[in-house]
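What follows is a short report on a single structure.
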Amino acid sequence: MLVEAIIIKCSLNIKGERTNSSIYHILQGKKSIQTVQDIHMYQLESYYGIFRSLTKGVFDKKINGLINEGMLQQVFGTEAFYTVSKTGEEWLDQQKKSNSMINYFNGLNYYGVTDVFIERLILLIQTITNTKMNHFNFIPVIDKTPAENWVKNVYHKKKTRETEVLGTIFNELKRLLHDISDEEAEMFVDRLTSYKNYGMNIYQLAAKYDFTSEDVQLQLTGITHRLLDLIHRTKSDFPFMSYILRDISAGGYLTNSADKTYNFFKSGFSIEKIAQVRQLKENTIYDHIVEIALYDLNFPISHFVNEANQEKIIKAVRSTKSYKLKDIKQLVDEDITYFQIRLVLAHSKNLQKQVIK
Amino acid sequence: MKQHQSLEESLKTYFGYTSFRTGQKEIIKDIMNGKDILGILPTGSGKSICYQLPAKLLEGITIVVSPLISLMIDQVKQLKAANFKEVIALNSFMEPVERNIVYQNLHRYKLIYISPELLQKQELQKKLVQLNINLFVIDEAHCISQWGHEFRPDYLKLNTIIERLDNPTVLALSATAALDVQDDISKALKRPTITKHIYPMDRDNITFCVQEVSHDHEKISILHQLLSDYHVPALIYFTSRKAAENTAQLLSVKNPSKRIAFYHGGMEQIDRITIQQQFMNDQLDVVCCTSAFGMGINKSNIHLVIHYHLPPQLESYIQEVGRAGRDGASSVGLLLISPNDVYLPRSIIEKELPSPEDIGVIFQQLLNYFKSGEKLPANEASIENMFQLNEVQWRFLRNQLEEHGMIDTGKIKYDKDIWIAAYHSIGNLINERKLVKKNKLNEMVQWVFEKDCLRKNLYKGFQSTYSPAAYHCCSNCGFTFSEWSPVETKQNVKNSLSWESKLKKLLLIGEGYEAK
Ligand SMILES: [Zn+2]
């Protein structure tokens, strides 16, 4: 029921102000400005992109289930806007008590890191345990070229020291897994593949732990987020895990086009020049800049909006409850553009929290 | 050709096997001498070595046409694992960017697997004619025959491509091709004198057993009983994915000491590989699967193959049951049949191809499209959606429309007379295909209700003789399970280690793991 609980949690924050497909886009991690603004606006950063493989069909089924259970109710006079009923709210409270997992997620922070980390770890364990036993003829369980290349590279560096590497992995994983529940730790271990020992697939885990296969996928993501939190907290305690994470760039979550724009921007091109070179509309480049600001905390937005105007925009945001661009625009000087407002909104990740408190 | 090594030595060097299996060496020798070959080798006899080894030894490139994309991908993985790196599978699921890079570098490969659809593309053909292709392999060659159980219209065009490629050596392979199908293959390839290597497909160590039941729940209790009585690796075949999933779950509850999983084509590649490998590693006892399972799997101690549903034709049954007892030990093929079972394959036959009414509606839609001057959507899935056809139905129809010149790279061409002729010809073809399939199903049903020896009647359409049973013959010759005592595997002890001990074990920490 984890997927359901998270849908209810999202609906609760959104309060019927967005259609339910916006929740789908959040969980699925859609790279759109609308979605990223939604997660900031409704404080759903933790759930961003936590279920990349979620299909619309499965999502709709879950929504229908929740409607039939009376946990979601349609906003009067609309088609796809839902609020959480009293039953739904109570049910979520129960779930939160019985399932600590709901608090494990840290989606936005680990967007683009989660999958790469786990794929590297799984493939590395499979590779090193096999080569240690002089078994070079195994079918890799991860068939993604970037992970394969990374593992190959590491393997060449460490190939004479398999025992030592495995010992380190064991010590670090043991310490990490002791920080989560035994069942979660067991599930994580069940999934690993080593020499002559293929790990369980999601359906097997679902059967063993009596979850739906969707919940298994979310659980695994949640566990990984939790482990990443622990690693980041005390990097020096987990040198090998930090080594796996070292070169995973956060840039992975920009759309390709925005990424190109970013490269031009970093080499000192102006918006006009980038638009010209890339043969795109200037507005498109502005959209890219907003997208970059959404993800990159260090993006120098003062390049486009001076500090004084940033202040003004933030003040305006605080005095509007609706959070609508139009309303904000009316409260600031006329020479402040929509682009500048969006940029400030995109960049001020904690804005909403400050507004509410 | 590298002459300094014998074929046996090369086999050892490149694939690690110490000896050839039946038929392999004869076929490979002929290929190396440039003879065109039709090879009929039973399932599990290592057909693929017949071209994988020549691909390594011959100069130039070997092309393998195979309709089974997941099988191609599996084989590529296995070859790469065995250190045969110059291999690739081309299929229409590749990203355009990736495909471009691969197309630029085709000359770097020794072995290229291609799906028949993709091989029809001019873009690829143009690349291929520039390469030095020395061996052209047609896997599942029975697909070339209209009378075969898996007719693929694309296969009829292979001959033209072989000519364009300057007539490399041809190897046509199949596990099951009845005599008329064999003739069709040599005709369609325009190779009347093709050298035939036909090996008998009958298996003397498999006991055939048909059991009539009145209802599905009776099937479940039989399965439960068999899994309780015998501890042998087993496959249970289903026609529907859902049934495979549900039965796996049900049996896991009823037989908690058995490790049971399911496998079907609707699962992600990685989840499927996991199950295959676990089964090979003896981490699983029973796999509930659809016909997608087993191709390319090489497990010798499967001693029980059960069919929960009626297979659509004898060819499929022979292949699937043939996965039992590769080690020569006594094995049983059990087919369960209830009175309603024949309706499922019948309705599949009806739905497999578009109906004449569908064709009429689609022609009208095409005409509207033509009048509006638009091209068809580039995305196949959206076309399927528009015409309300499934993937197989649309692939069939697109092929026909192209054949009749009604569409060409997405553009619709209108000529009233041609369209009318095409409408009738496609309608006829559909009826013909349905008839072939229905006849195949009837043969299957007839066999199931056969009163005479099942062994004798299973193989009679494929070969003139068969060996007598090595253990028990069949249920019609008096076999009952009470007399079966197979070689059993060790009963597994349920692993109740803590996660920490499991982790330790799988990271090979502690005594007993050889250090380097
Ligand atoms: Zn008999």
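Side notes on the structure shown:
- A viscosity of 1.567 mPa s and a temperature of 4 °C, combined with the Kirkwood radius over C-alpha pairs in the Stokes-Einstein formula, give chain B a diffusion coefficient of 52 µm²/s.
- Estimated vicinal HN-Hα couplings, Hz - segment B:240-246 in sequence order (Karplus 6.51, -1.76, 1.60; Gly, Pro = x): 10, 4, 4, 4, 4, 4, 5
- Stokes-Einstein D (µm²/s) once Rh is taken as the Kirkwood radius of segment B:7-198 over alpha-carbon pairs, at 10 °C in 1.306 mPa s: 95 µm²/s
- Buried accessible surface for the A/B pair, both sides summed and rounded to the nearest 100, is 3300 Å² with a 1.4 Å probe.
- Protein-only accessible surface order, largest first, of B:157, A:326 at 1.4 Å: A:326, B:157
- Counted by Cβ distance under 14 Å from residue A:261, the other residues give a net charge of 0, where Lys and Arg count +1 and Asp and Glu count -1.
- Sparse packing (at most 11 other Cβ atoms within 10 Å of the Cβ) combined with a DSSP loop state is found for the following trypsin sites (Lys or Arg not before Pro) in segment B:428-477: B:451.
- Computed [θ] at 222 nm, deg cm²/dmol, chain B (DSSP H ≥ 4; -39,500 (n - 2.57); rounded to nearest 500): -13000 deg cm²/dmol
- Distance cut-off 17 Å, percentage of C-alpha pairs in segment B:271-344 lying past it: 46 percent
- Scattering from chain A was approximated by placing one identical point on each alpha carbon and applying the Debye formula without solvent; log10 I(q)/I(0) at 0.10 1/Å stands at -0.74.
- Protein-only accessible surface order, largest first, of A:200, B:267 at 1.4 Å: A:200, B:267
- Total formal charge among the other residues, if their Cβ is under 14 angstrom from that of residue B:428, Lys/Arg +1 and Asp/Glu -1: 0
- Globularity ratio of segment A:2-103, using Cα Rg and 2.2 N^0.38 Å: 0.99
- Neighbouring partner chain Cβ atoms per residue of A:204-216, average, 10 Å criterion: 2
- Set B:80/B:219; A:235/B:504; A:196/B:456; A:196/B:121; B:258/B:456 screened for pairs whose C-alpha atoms are more than 31 Å apart: B:80/B:219; A:196/B:456; A:196/B:121; B:258/B:456
- Counted residue by residue at 0.36 nm each, then reduced by the alpha carbon distance between them, the extension gain from residue A:242 to residue A:181 reaches 19.7 nm.
- Across segment A:256-356, counting alpha-carbon atoms alone, Rg and Dmax equal 14.0, 43 Å.
- Distant-in-sequence amide H partners of residue B:172 (H built 1.01 Å from N, under 5 Å): B:37, B:38, B:39, B:138
- Gain on full stretching of the segment that runs from residue B:179 to residue B:217 - 0.36 nm per residue minus C-alpha separation: 9.7 nm
- Derived scalar couplings ³J(HN,Hα) [segment B:394-399; Karplus, 6.51 cos²θ - 1.76 cosθ + 1.60; whole Hz; x for Gly, Pro]: 5, 4, 4, 5, 4, 4
- Whole-number percent relative contact order across segment B:357-455, with pairs defined as alpha carbons under 8 Å at least 6 apart: 25 percent
- By accessible area, using a 1.4 Å probe on protein heavy atoms only, segment B:298-347 has 52% of its surface on carbon and sulfur.
- From the Kirkwood radius over Cα pairs of the protein assembly as shown, Stokes-Einstein at 25 °C and 0.890 mPa s returns a whole-number translational diffusion coefficient of 79 µm²/s.
- Residue ranking by accessible heavy-atom surface, 1.4 Å probe, largest first, among B:447, A:91 comes out as A:91, B:447.
- Counting charges near residue B:439 (Lys, Arg +1; Asp, Glu -1) among other residues having Cβ under 15 Å from its Cβ returns a value of -1.
- √(5λ) per eigenvalue of the Cα gyration tensor, segment A:209-291, largest first, Å: 38, 19, 8
- With Cα atoms as the point set, the radius of gyration and Dmax of segment A:271-320 evaluate to 13.2, 40 Å.
- Among the protein heavy atoms of segment B:7-198, carbon and sulfur supply 49% of the accessible surface, probe 1.4 Å, non-protein parts ignored.
- Per DSSP, loop GluC sites (Glu not before Pro) in segment B:352-419 with at most 16 further Cβ within 10 Å: B:374
- Projected onto planes of every orientation and averaged, the convex hull of the alpha-carbon atoms in segment A:156-300 covers 12.9 nm².
- Mean Cβ count within 10 Å, highest first, over the residues of peptides B:461-470, B:251-260: B:251-260, B:461-470
- The residues of the protein assembly as shown expose on average 45 square angstrom of accessible surface per residue, using a 1.4 Å probe on protein heavy atoms.
- Measuring heavy-atom accessible area with a 1.4 angstrom probe and counting protein chains only, the residues of segment A:165-183 that give up at least 50 Å² relative to the chain alone are A:170.
- Cα point-scatterer Debye curve for segment B:444-516, base-10 log of I(q)/I(0) at q = 0.17, 0.20, 0.22, 0.24 Å⁻¹: -0.77, -1.00, -1.13, -1.17
- Qualifying GluC sites (Glu not before Pro) in segment B:1-101, DSSP loop, other Cβ atoms within 10 Å at most 13: B:59
- Per residue, the average separation of C-alpha pairs within less than 8 Å and at least 6 apart gives segment B:116-245 a relative contact order of 21 percent.
- Range of Cα positions in segment A:92-224 per principal axis (Å), largest first: 52, 31, 27
- Of all DSSP beta bridges confined to the protein assembly as shown, the antiparallel ones make up roughly 10%.
The values are calculated or read from the model by the stated rules, or taken from the named source; none is laboratory data. Just so we're clear, the structure is a prediction, and the values are computed from it rather than from any experiment. Ideal geometry is used to build each Cβ from the backbone, glycine not excepted, and the neighbour counts take in all protein chains shown. Side chains included, ligands, DNA and RNA excluded: accessible areas come from the protein's heavy atoms. Shrake-Rupley method; radii C 1.70, N 1.55, O 1.52, S 1.80 Å.
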